[in-house]
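**Student:** Sending over a structure as structure tokens; questions will come in a sec.
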Amino acid sequence: MDDVRMHQKSLRKQRSRSSDSGCILDQPSGNEEEESNIYAAKFMDQMNNKEFQVLTKKTCIPRYNYHRSLLEWIWKRIPKDPIFQEFPYEECSIIVGENMTEENKTRLVGESALIEKVAITEIQKGTTFKNPEVLILCVINDDDVAEENTEISQYQLFEKGTIMFIMTSDKHSDERLKSKLSERVLELESFGVEFVTDNRSEIINKMTLILERKLMKYLEEIKTKLFDFSRTHNVGSRFFEVNAILRRLKQAACYPEALIDEIEDDETERNEIDGILHRFHDKILNTAYYDNTLYVITADQNTKDSLETSFSAISYQNVSHAITVKDELPISPLSNIGVPLHGAKFVLVDEGVEAFHSNKAYATTGSLMKVTNNNMMVAVTCRHAVKKEGSAANTSTCYTIIENSVVKLGQTLPQSSGRMESLHDDIAVVRVDEKTRLLIDEKCEKLLIDEFELPTPATIAINSLKRGDIVHKRGARSGLTTGVVKDVKNEKIESFVISSRTIYITGGDSEPFAEEGDSGSLVFQHSLDPEKNVLNVHAMVQSKVRLPIPNADIICFPFDEGCESLRKNVTDEDLQSLQFFSE
């Protein structure tokens, strides 16, 4: 349907309001259909030149911005097939109504949010859709005759969207008023309506939820297309990743309540290979896809034989398999044989700048932290990474680079237990040298850095990661990476003698979550709070599963359990109040 025909019906209802909306048109007379066409054409001509106030810098909705970035992440990994490429995501413009005063803008969406006047033709740029979807913030002021609000008619230029009415508590409780406004919005046909009070938190939360519902709907459609595509093609871990983002969005929709009644595995969506693996899950130590090959490590020969028999009977063969038998899961530490200090490289010898950059024996400073009871600055990393091979010493000196100069970061604090009994004992704390601390205060960023390269406050997460969680890490070798929690088990890993919580994280098909040199990296998530940009630190990178593929699972331990190990084992200092810097 063309624009004129689409708007004829609603335009007849709006003639009496056209002058109020800024469009001065002659009233038609004579043949109703012909005059309606003329009126509609004139109205559309004027509206095509109209400018709208658009929220162009969306700093006020950090949670949505993060979730939108996850869509970009998954889109780069989706198969380059027309079934997906011809199905782009339709952006949603946020339009700020004319009734919103400058004072309201600052109070309701924050000082950092940028609102600019944009022509409708500019709103349509960058999209394949002539009528992009919009979210309209319409303020009902106390002196408005609200049910006759004149803003609504001008939004019929847009084909679909949501109008969110922002009103005082008194007006918000007026059901007759809300009914009248809803009727007005219905004239625009494919528009929804929401009502909120003029409370900033409520506004930001509602805006975020509206935009995230749109993301969720799109990802559900992508998931359906992936399922159809997987019948004849190998889609690797794409199902797992899309489900991880959807799970995150469902968690966000429940916030601050926890997501309940989760179904972690949907049998109807599991293809034949995954169904076979699920039947033998208690006998399988690890699985990974790479380059159309499925790598499996089993605990016994009988399981290997059963898997090979089952794989040979599947309906199509576009994935080969390599199955090995091991008594225990083989792993390799990720200290290599790292100017923020979040994810920085450090070495154990100072041989100058050139040698620092070429040194292959290094690991990662997870982040700077502080001990609030004694004002000590420290850095955390993996314990195995700071112990020199063959050395019996209980402490090591660590060096990093600041502004192209090698500096002594500090010395590790001694621990009472010489042996690491549990996985989470593989953690060390470096007391930052006083001279270096002065340099850090002047030259370095003490906060963690998020995926938008912004310094961001962080906190030690107290809730546990679960299978399907989206996570990130920043390491000295591979930098910022995104992954998905593949499994969480209570088990004994290789040389450790006591079972403890072990977190397995997978990256992409050819994009590992961590590499050699990334030991000590912190694994974090973004907060689900719709207003606050805070990182929740959940784990520390420790090692990887030994498989002949670049994207082998990365093994991590819970960071809160690591911190508890430090509190028990560090003998010279009281680390009870260990926390991240907030500024």
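The values are calculated or read from the model by the stated rules, or taken from the named source; none is laboratory data. Just so it is clear, the structure is predicted and the values come from calculations on it, not from any experiment. Cβ coordinates were reconstructed from backbone atoms using ideal geometry, including for glycine residues, and neighbour counts include every protein chain displayed.
**Student:** Out of all the residues in the range 220-248, which are within 30 Å of Ile166 (Cβ to Cβ) and buried (at least 18 other Cβ atoms within 10 Å of the Cβ)?
**Tutor:** Within the range 220-248, Ile245, Arg248 meet the criteria.
**Student:** Out of curiosity, is Leu409 farther than 25 Å from Ala514 by Cα and modelled with pLDDT of 85 or more?
**Tutor:** So Leu409 fails the test.
**Student:** Could you look through the range 183-216, keep only residues that are assigned to a helix (DSSP H, G or I) and among the hydroxyl-bearing types (Ser, Thr, Tyr), and pick out the one that is farthest from Glu103 (Cα to Cα)?
**Tutor:** Of everything passing the filter in the range 183-216, Thr208 is farthest from Glu103 (Cα to Cα).
**Student:** Still on this structure: Given the structure, is Glu116 at pLDDT 70 or above and loosely packed, with under 13 Cβ neighbours inside 10 Å?
**Tutor:** no
**Student:** Can I ask one more? As an exercise: evaluate Thr298 against (1) farther than 23 Å from Gly236 by Cα; (2) at pLDDT 80 or above and give the number of the one condition it does not meet.
**Tutor:** Of the numbered conditions (1) farther than 23 Å from Gly236 by Cα; (2) at pLDDT 80 or above, the odd one out for Thr298 is (1).
**Student:** Counting just the residues of the range 525-548 that are over 20 Å from the mean Cα position of the chain (by Cα) and crowded, with 17+ Cβ neighbours inside 10 Å, which one comes out modelled with the lowest pLDDT?
**Tutor:** Leu547
**Student:** Out of everything in the range 119-160 that is part of a strand (DSSP E or B) and within 24 Å of Glu102 (Cα to Cα), what residue ends up being modelled with the lowest pLDDT?
**Tutor:** So the residue we want is Ala119.
**Student:** Among the residues of the range 73-101, write down those that are among the acidic types (Asp, Glu) and closer than 25 Å to Phe158 by Cα.
**Tutor:** Glu86, Glu90, Glu91, Glu98, listed by residue number.
**Student:** Only one of (1) more than 27 Å from the chain's Cα centre (by Cα); (2) under 16 Å from Leu137 (Cβ atoms); (3) surrounded by fewer than 20 Cβ atoms within 10 Å (Cβ to Cβ) is not met by Glu194, so which one is it?
**Tutor:** (1)
**Student:** Counting only residues that are part of a strand (DSSP E or B) and modelled with pLDDT under 80, which one in the range 353-372 is surrounded by the fewest Cβ atoms within 10 Å (Cβ to Cβ)?
**Tutor:** Tyr362
**Student:** Moving on to the next point. Determine the pairs where a residue that is within 20 Å of Glu133 (Cα to Cα), located within the range 102-120, has a partner that is assigned to a helix (DSSP H, G or I) and not aromatic (Phe, Trp, Tyr) with Cβ atoms under 8 Å apart, the partner being 6 or more residues away or on another chain.
**Tutor:** If the second residue must be assigned to a helix (DSSP H, G or I) and not aromatic (Phe, Trp, Tyr), the pairs left are Ile115/Lys105; Ile115/Val109; Ile120/Met47; Ile120/Asn48; Ile120/Leu157.
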